[in-house]
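Take a look at the structure below.
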Amino acid sequence: MEWVNAIVQGILLGGLYALFAAGLSLMFGIMRFVNLAHGDFIVAAAFGTLLFVDATGVNPLWALLPIVPIMMAAGYVGQRLVLNRLSGKDILPSILVTFGLSIILQNLMLEQFSADSQRVSAGALDTSAISLGGGLTVGTVPFLLFLSAIGVIAVLNWIFAKTAIGRQLRATSDDPETVGLMGLDKRHLFGIAMALASAVVAVAGVLLAIKTNFDPAAGPIRLLFAFEAVIIGGLGSLWGTLLGGVILGVAQGLGAQIDPGMQILAGHIVFLVILVLRPQGLFPTKRGS
Amino acid sequence: MTHLLEAKSLDAFYGDFQALFGVEFHVDQGESVALIGANGAGKTTFLKVLTGLLPVPGQSLSLEGVDLTALRIHQIAARGIAMSPEGRRLFPSLSVRENLQIGASVKRPGPWSLETVEKLFPILAEKANTPSTLLSGGQQQMVAIGRALMANPKLLLLDEVSLGLAPVIVRDIYETLPMIREQGTSVILVEQDIGQAVAVSDRLYCLQEGRISLEGKSSELGRDEISAAYFGRAREAS
Ligand SMILES: Nc1ncnc2c1ncn2[C@@H]1O[C@H](COP(=O)(O)OP(=O)(O)O)[C@@H](O)[C@H]1O
Ligand SMILES: [Mg+2]
């Protein structure tokens, strides 16, 4: 029973990892852009949630209302003003700049909020649980979080498959030069892609704030889990990313069951094994030429 | 009278490498102009300049009298230049129909729509939901032309439509050209096959090592004259 429970908790945790990973996957998939500050932006959104709750006293889920649009706008503007200048054939400038950005963000948060670990309370939700039958119960918060991960990924997939902007983003991912011949401004499309990724970052940040403790230095480890989930799932497939997150979460859950100190290590070991056996990930998208 | 498109003494560079030298070129409304030349002569480079893919700041290049050199690729497309590029360059993650739809992103009004393009190339309606990567070479070429038409261009650029295709298929594709021109669209076509180029064009330019080596009415140019300009025997002889 304990083991089944560990697996279920791991699956739910995987939803959070998938949320961390989805934004990263979008940025890389469309712009071939590696954002080393990704985890720090998630933590920044978590601190934003803290500020919002301190100021208003309402349930932290309401923080989505201001934080999602603010981050989307910031993502679009940041892409147009800064990141578009870096995008090119060479991936190195974006790595250097976002590495710098990561350090700046961490220090700004440290300055503003101190190094203390924070947590945002969702009131009664924090302690409530849902019974899955057979003696299994899961926390309401982790359960809602998993559902939101599925929701976010379903919405993103719908946008890509069914809307004109989604079609344009897929085309940009295929061949940004030829997209220009279609009369589309690549710089604008990159901005839209970044705005979408930032919306996911905002959701991930708000939910992170409710789910776990966080502090200004918590970004890099989130980034690492996100990378692992993306790579396990295979680049380019968001459902693959969800599965990657779940595998990582389950590995950590089982590791913790063996020995609490094994939690993080078990995740890394499973990641390494998959990387060796299946370097393209479980569900890579096949791309022609 | 201003030409639809006019390039005056145009040079083009890839870094330090000069690919075009003093090219004088024009196309009038409704004209079909062939651009021929050996491999590496600079034909694709010239089309890249026209679309803005290869910028030529400060030079003389205009569409309907409007300077193109200060515009970006997408702005030039919006003004009515569309291209079926060398190697087709379809979007592999898009279906056939999505490839066509994205061609209409400029939202220029005109005769071409999903319906009329699929009437021009009926196979594209049949394969609408197929990934473009699963089509034959000829079908892919039809998608590339259809995608360009969806923009309702004033000027259509066709780069090596027949590359790698069987002669029957090339004939099928060129048979649609009169229907495209009927709508008033001007065409610049780059073609390796001189006979084909002469047959479907009003005028012809020959490029040789980045320079225009011959220009004239396709019906009035002699076969020898063209091969001399194409292969560069004219210079050896003089
Ligand atoms: N991207 C590029 N960078 C540098 N040189 C190029 C590039 N593309 C083409 N060239 C050179 O420019 C010249 C003209 O090429 P191109 O326009 O492709 O010829 P064509 O289409 O007539 O075969 C060739 O010498 C070619 O090597
Ligand atoms: Mg060429």
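Each residue of region A:45-57 in turn: what ³J(HN,Hα) in whole Hz from Karplus with 6.51, -1.76, 1.60 and θ = phi - 60°, glycine and Pro shown as x?
Values per residue, Gly and Pro as x: 5, 5, 5, x, 4, 4, 4, 4, 5, 4, 6, 10, x Hz.
Could you size up the charge dipole of region B:5-230 around its Cα centre, putting +1 on the beta carbon of Lys and Arg and -1 on that of Asp and Glu, and report it in debye to the nearest 20? The partial results should precede the final answer.
Numbers: 20 positive and 26 negative charges, 148 e Å.
Once rounded to the nearest 20, the dipole reads 720 debye.
Where the Cα atoms of region B:5-230 are projected onto their three principal axes, how long is each span, largest first, in whole Å?
Taking max minus min along each principal axis of the Cα atoms, region B:5-230 gives 45, 39, 32 Å.
For the pair residue A:95 and residue A:77, how long in nm is the line joining their label points, each one 7 Å along Cα→Cβ?
3.0 nm
Using Cα pairs under 8 angstrom and six or more residues apart, how large is the relative contact order of region B:5-230, in percent? Show your work: numbers first, answer last.
Working: 432 pairs, mean separation 64.2, N = 226.
Relative contact order here is 28 percent.
What list of ³J(HN,Hα) couplings, whole Hz, do you get for region B:75-80 from phi and the Karplus terms 6.51, -1.76, 1.60, once you set θ to phi - 60° and write x for glycine and proline?
6, 5, 4, 5, 7, x
Under a point spin-label approximation (7 Å from Cα along Cα-to-Cβ), what is the residue B:18-residue A:154 distance to one decimal in nm?
Between residue B:18 and residue A:154, the label points sit 6.3 nm apart.
Enter the Cα centre distance for the pair region A:32-75 and region A:87-158, rounded to the nearest angstrom.
One Cα centre to the other: 9 Å.
So, by mean Cβ neighbours within 10 angstrom, what's the order for A:142-149, A:25-32, B:216-223 with the highest one leading?
A:25-32, A:142-149, B:216-223
Between residue B:212 and residues 5 or more places away or on another chain, which pairs have amide H atoms under 5 Å apart, with H built 1.01 Å from N, and which residues are they?
B:24
Among B:71-80, A:48-57, B:92-101, how do they line up from the highest to the lowest mean number of other beta-carbon atoms within 10 Å?
Values: B:71-80: 20.0, A:48-57: 15.6, B:92-101: 22.6.
Those peptides, ordered most packed to least, come out B:92-101, B:71-80, A:48-57.
Which one, B:201, B:170, B:25, is farthest towards the positive end of the dipole of region B:5-230 when Lys and Arg carry +1 and Asp and Glu -1 on their Cβ?
With unit charges placed on the Cβ atoms, the residue in question is B:170.
Per residue of A:163-175, count partner chain C-beta atoms within 10 Å of its C-beta, then hand back the mean as an integer.
Values: counts 0, 5, 0, 1, 9, 6, 1, 6, 9, 1, 3, 7, 6.
Partner Cβ neighbours, averaged per residue: 4.
Please average, across the residues of B:51-60, the number of beta carbons from any other chain that are within 10 Å of each residue's own beta carbon, and give a whole number.
Mean number of neighbouring Cβ atoms from other chains: 1.
Round to a whole angstrom and tell me the spacing of the C-alpha centers of region B:123-161 and region A:173-219.
32 Å
Report the label-to-label distance for residue A:213 and residue A:147 in nanometres (one decimal), using points 7 Å from each Cα along the Cα→Cβ vector.
It is 2.9 nm.
Enumerate the calculated ³J(HN,Hα) couplings along region A:272-277 in order (Karplus 6.51 cos²θ - 1.76 cosθ + 1.60, θ = phi - 60°), each rounded to whole Hz, writing x wherever the residue is Gly or Pro.
Ordered by residue, 3J(HN,Hα) equals 4, 4, 5, 4, 6, 6 Hz.
May I ask which residue of A:214, A:59, B:78 lies farthest towards the positive end of the charge dipole of the protein assembly as shown, with charges of +1 (Lys, Arg) and -1 (Asp, Glu) on Cβ and the Cα centre as origin?
A:59
How big is the convex hull of the Cα atoms of the protein assembly as shown, per residue, in Å³?
Working: hull volume 97.3 nm³, N = 527.
Per-residue hull volume (Cα only) is 185 Å³.
What does the structure give for B:71-83 when I average, per residue, the other chain Cβ atoms found within 10 Å of the residue Cβ?
Numbers: counts 0, 4, 10, 11, 3, 3, 7, 3, 1, 1, 2, 3, 2.
The mean count of partner-chain Cβ atoms within 10 Å per residue comes to 4.
Picking from B:180, B:123, B:188, which is most flexible by a Gaussian network model of chain B using Cα springs under 10 Å?
B:123
For residue A:277 and residue A:224 in one chain, what is 0.36 nm times their gap in residues minus the Cα-Cα distance, to one decimal in nm?
Details: separation 53, 0.36 × 53 = 19.08 nm, distance 1.98 nm.
Once the chain is fully extended between residue A:277 and residue A:224, it gains 17.1 nm.
Of the candidates A:247, A:258, A:210, which one comes out as most mobile in a Gaussian network treatment of chain A with C-alpha springs shorter than 10 Å?
A:258
Once amide H atoms are built 1.01 Å from N in the peptide plane, which residues 5 or more positions from residue B:5, or in another chain, come under 5 Å H to H?
Answer set, sorted by chain and number: B:27, B:64.
Pairs of lysines 8 or more apart, or on different chains, with alpha carbons under 29 Å: count those in region B:5-230, would you?
17
Among A:13-22, A:70-79, A:34-43, how do they line up from the highest to the lowest mean number of other beta-carbon atoms within 10 Å? Mind showing how you got there, number by number?
Details: A:13-22: 28.5, A:70-79: 19.3, A:34-43: 25.3.
Most protected by this proxy first, the peptides run A:13-22, A:34-43, A:70-79.
FYI, it's all coordinate maths here, none of it is from the lab. What you see is a predicted model, and the numbers here were worked out from it, not measured in a lab. Heads up, the Cβs are rebuilt from the backbone with ideal geometry, glycines too, and the neighbour counts pull from every protein chain shown.
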